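Engineer: First the structure, which I've put down as structure tokens, then a few questions once you've had a look.
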Amino acid sequence: MTEACTLIIFGATGNLAQLKLLPALYHLEVAGLLPAGLRIVCSGRSQYSQDAWSVRVREILSRHARDPLSTTHCDAFDRRMHYFRGDLSQPDTFRQLAELLSEPGYPDNQVFYISLPPSTYSALIESLQARGMLVEESAWRRVVIEKPFGSSLHSAQALHAQISRYLREDQTYRIDHYMGKAMVQNILVSRFANLMLEPLWNRNYIDHVQITRTEQLGVANRAGFYEGTGALRDMLQSHLMQLMALIAMEPPVSMDADDLRDEKVKVLKSIRPIETAKVPDHAFRAQYGPGRVDGAAVPGYREEPGVAADSATETYAALKLYIDNWRWRDVPFYLRTGKRMAEARTLLAICFKQPPKHFFRSAQMHRPPPNWLIMSIAPEESLRLEISVKQPGLEMKTRQISLDAPFRCEHHERADAYEGLLLDVFEGDRALFLRYDEVEWAWRIVDPVLQAWADEAGPIPSHPAGEWEPEAVKRLFDRPQQRWRHRLEPA
């Protein structure tokens, strides 16, 4: 049984807490999965009385909960919560917080969830340590850190050096919410619970792998963050690199946290380094310009509020990577992400090689298309296998058909990624959280690209909002017949 604990959310009045954390906790309350005795301390700088905060939380839940609110569950959820107002830049705030947490009714086991900008991580953890709040004697302490963990290899190393003075690795939960998505976890099940795939899962049969994450949204009110981040740091270095590791990893000894993460690290360490002179052959970036999304005119990135008129921040990024190990040698992995694209979609597309001999050349003009295995993570949650069969009729002609399997039916229970990840934190299961060496090796992969882009002069390519990527990105493909898969259905 999960032990009782106190969850302290720093930044409880911010977007992440209101859009994801509080709704996730409420859904767990409804499902009866929260630990018995769990208390939730919501920390923020805004002035809220306890009653006013309860009203505010119900407003948040009414907008973001999956189902109409239950008065019974809202009341139970409200009884768990306490609003703590404090300025985290003031040492006295931590004295007051420590006094609150020592009161009866607050379990000694504590989870500190830092839902704040990354620039605050080090100072906040140091302040917790200064008040003795991270010391484990008769109870445990866990700290949850959101991405991004650093903005470069050097900054990630510096941040790790700072926080590791006060936290052990087993106390640190670096969260990547993609790892909590059911379809992402289904990558592991599809690979390791189905023996029919394993003999084909290598360089002998797979031509290339594509990992796509596109959005229709622009930067909205995040221009301040995005200008200093860009698509490569925001999505590729974290989410898509994790998806690649799950696709490419060897079977772990077990599903224990370190066994699973050991195999992911082996993949990242095996990625062929990108030499500075070869960055144009392996990386591409662009920026969305004015265009139309779903029929509505939208501004270009440089016209968004808070974006510099001469900004060189990429809103589209693509990488070609090779994993230099026995299984994947010379199989290209193509990763791409972009904002203001034609559709919002997360897709894993595995293209198989053509048969060594084409038996039906005399009967038709073109080779049959390759087989594809496609996993759609969003908006659909499904698996698709494309194979060639004979067309009906007397002639020996082939056509491609698909075997489609939806992952979720209407009656299946839905859960947000944060719900499972929060339960894992309470239970001390770190399998789906990033270990520091995973983070460091991911930065080692993209750092040469970031440095090369920083040294480039002149404007970067653009593409109209609402369309797919610029034509020039095709230069990354190894062979002319390779093409992007934009969606489940063939183009």
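Engineer: In segment 109-123, what count of residues is obtained for those that are open to solvent by less than 40 Å² (accessible area, probe 1.4 Å) and either touching a Lys or Arg at 6+ places or on another chain (Cβ under 6 Å) or part of a loop (DSSP other than H, G, I, E, B) (or both)?
Structural biologist: Of the residues in that region, 4 qualify.
Engineer: Follow-up question, since we're still on this one. Go over the candidates 184, 219, 209, 189 one by one and state the one that is within 24 Å of residue 342 (Cα to Cα), part of a helix (DSSP H, G or I) and β-branched (Val, Ile, Thr).
Structural biologist: 184
Engineer: Determine whether segment 446-462 contains at least one residue that is in a loop (DSSP other than H, G, I, E, B), within 28 Å of residue 310 (Cβ to Cβ) and either modelled with pLDDT of 90 or more or polar (S, T, N, Q) (or both).
Structural biologist: yes
Engineer: Among the residues in segment 376-384, are any within 27 Å of residue 470 (Cβ to Cβ) and open to solvent by less than 20 Å² (accessible area, probe 1.4 Å)?
Structural biologist: yes
Engineer: Mind listing whichever residues of segment 219-233 are farther than 25 Å from residue 328 by Cβ and open to solvent by less than 10 Å² (accessible area, probe 1.4 Å)?
Structural biologist: 219, 223, 226, 230
Engineer: Can you tell me which of (1) closer than 23 Å to residue 438 by Cα; (2) at pLDDT below 95 is the one residue 138 doesn't meet?
Structural biologist: Result: residue 138 fails condition (1) only.
Engineer: Let me ask something else. Within the set of pairs 6 or more residues apart or between chains, which connect a residue that is acidic (Asp, Glu) inside segment 305-328 to a residue that is buried (at least 19 other Cβ atoms within 10 Å of the Cβ) with Cβ atoms less than 6 Å apart?
Structural biologist: 314/230; 314/231; 314/285
Engineer: To continue, here is another question. Can you tell me which condition residue 96 does not meet? The list is (1) assigned to a strand (DSSP E or B); (2) surrounded by fewer than 19 Cβ atoms within 10 Å (Cβ to Cβ), and all the others hold.
Structural biologist: (1)
Engineer: Could you please find all residues in segment 1-26 being touching a residue at least 60 places away in the same chain (Cβ under 8 Å), under 21 Å from residue 105 (Cβ atoms) and not charged (D, E, K, R)?
Structural biologist: 2, 4, 5, 6, 7, 8, 9, 10, 12, 25
Engineer: Taking segment 94-104, which residues are out of contact with any strand residue (DSSP E or B) (no Cβ under 7 Å at 6 or more places or on another chain) and either small (Gly, Ala, Ser) or in contact (Cβ under 8 Å) with a residue 24 or more places away in the chain (or both)?
Structural biologist: 94, 95, 98, 102 - these are the residues of segment 94-104 that are out of contact with any strand residue (DSSP E or B) (no Cβ under 7 Å at 6 or more places or on another chain) and either small (Gly, Ala, Ser) or in contact (Cβ under 8 Å) with a residue 24 or more places away in the chain (or both).
Engineer: Next up: Say we look at segment 247-261 and pick out the residues that are part of a loop (DSSP other than H, G, I, E, B) and over 29 Å from residue 476 (Cα atoms); which of these is most open to solvent (accessible area, probe 1.4 Å)?
Structural biologist: 253
Engineer: With the requirement that a residue be touching a strand residue (DSSP E or B) at 6+ places or on another chain (Cβ under 8 Å), open to solvent by less than 60 Å² (accessible area, probe 1.4 Å) and in contact (Cβ under 8 Å) with a residue 40 or more places away in the chain, what does segment 31-58 give you?
Structural biologist: 38, 39, 40, 41, 42, 43, 44
Engineer: OK, next. Being open to solvent by 70 Å² or more (accessible area, probe 1.4 Å), within 30 Å of residue 189 (Cβ to Cβ) and modelled with pLDDT of 95 or more is the requirement here; does residue 264 meet it?
Structural biologist: No, not satisfied.
Engineer: Can you report the number of residues in segment 59-82 which are open to solvent by 70 Å² or more (accessible area, probe 1.4 Å) and either over 27 Å from residue 98 (Cα atoms) or touching a His at 6+ places or on another chain (Cβ under 8 Å) (or both)?
Structural biologist: Matching residues across segment 59-82 total 8.
Engineer: OK, next. In segment 393-427, what residues are surrounded by 15 or more Cβ atoms within 10 Å (Cβ to Cβ) and within 22 Å of residue 262 (Cα to Cα)?
Structural biologist: Passing the criteria: 420, 421, 424, 425.
Engineer: Looking at segment 124-157, which of its residues are part of a helix (DSSP H, G or I) and either surrounded by 19 or more Cβ atoms within 10 Å (Cβ to Cβ) or of a type in the set (S, T, N, Q) (or both)?
Structural biologist: Within segment 124-157, 124, 125, 127, 128, 129, 153, 155, 156, 157 qualify.
Engineer: Residues of segment 290-333 being assigned to a loop (DSSP other than H, G, I, E, B), open to solvent by 10 Å² or more (accessible area, probe 1.4 Å) and of a type in the set (Ser, Thr, Tyr), which ones?
Structural biologist: Result: 313, single match.
Engineer: When you check residue 340 against the structure, is it within 23 Å of the chain's Cα centre (by Cα) and open to solvent by 10 Å² or more (accessible area, probe 1.4 Å), yes or no?
Structural biologist: Yes, satisfied.
Engineer: Let me ask something additional. Scan segment 347-361 and give yes if some residue there is in contact with a Lys or Arg (Cβ under 7 Å, 6 or more places away or on another chain), modelled with pLDDT of 90 or more and buried (at least 16 other Cβ atoms within 10 Å of the Cβ), otherwise no.
Structural biologist: yes
The values are calculated or read from the model by the stated rules, or taken from the named source; none is laboratory data. Computed from a prediction, not measured in an experiment: that's the story for all the values here. Using ideal geometry, Cβ is built from the backbone for each residue, glycine included, and neighbour counts are taken over all protein chains shown. Note: accessible area is taken over every heavy atom of the protein model, side chains too, but ligands, DNA and RNA are not part of it. Shrake-Rupley method; radii C 1.70, N 1.55, O 1.52, S 1.80 Å.
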